[in-house]
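The values are calculated or read from the model by the stated rules, or taken from the named source; none is laboratory data. Computed from a predicted structure; not experimentally measured. Cβ: placed from backbone, ideal geometry, glycine included. Neighbour counts: every protein chain shown. Surface areas here come from the heavy atoms of the whole protein model, side chains and all, with no ligands, DNA or RNA. Shrake-Rupley method; radii C 1.70, N 1.55, O 1.52, S 1.80 Å.
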Amino acid sequence: MKFIFPQNYNLNMKIFGILDYSVAIVDVVWGIIVFGLINFFIGRITYKIFAFIVLVFPIVIFSVVGVDGENLLYFLTYVLKYFFQQKLYLYEKK
């Protein structure tokens, strides 16, 4: 059986069909970094759990939901480029 895909079809491999591999790797790395820092600085387990949820869960939700289906890494690079290279043009009407 042969499948014919149009040339403009963008086939991305995703985890569970919703999350790109690159974004999943970034999420896991972020979780490991936060986990390590929390274990180093916080003593009680309830505070550790609360801090981990507060610091990791919003990033994971933002990764899954995304912005108009855009990859999270691309979105962050666009935002950072705009932040550091912001150009504002003011024209005076005469």
Go through the stretch 43-65 and give me each residue that's aliphatic (A, V, I, L, M) and at pLDDT below 90.
-> Ile59, Val60, Ile61, Val64, Val65
Tally the residues that are in contact with a Phe, Trp or Tyr (Cβ under 9 Å, 6 or more places away or on another chain) and free of Cβ contacts under 8 Å to residues at least 24 places away in the same chain, restricting the search to the stretch 17-41.
-> 3
Picking from Ile61, Ile45, Ile49, the residue that is over 18 Å from Asp27 (Cα atoms), out of contact with any Ser or Thr (no Cβ under 8 Å at 6 or more places or on another chain), among the β-branched types (Val, Ile, Thr) and open to solvent by 70 Å² or more (accessible area, probe 1.4 Å) would be Ile45
Give the residue, chosen from Phe3, Phe35, that is modelled with pLDDT of 75 or more, farther than 17 Å from Leu72 by Cα and open to solvent by 80 Å² or more (accessible area, probe 1.4 Å).
-> Phe35
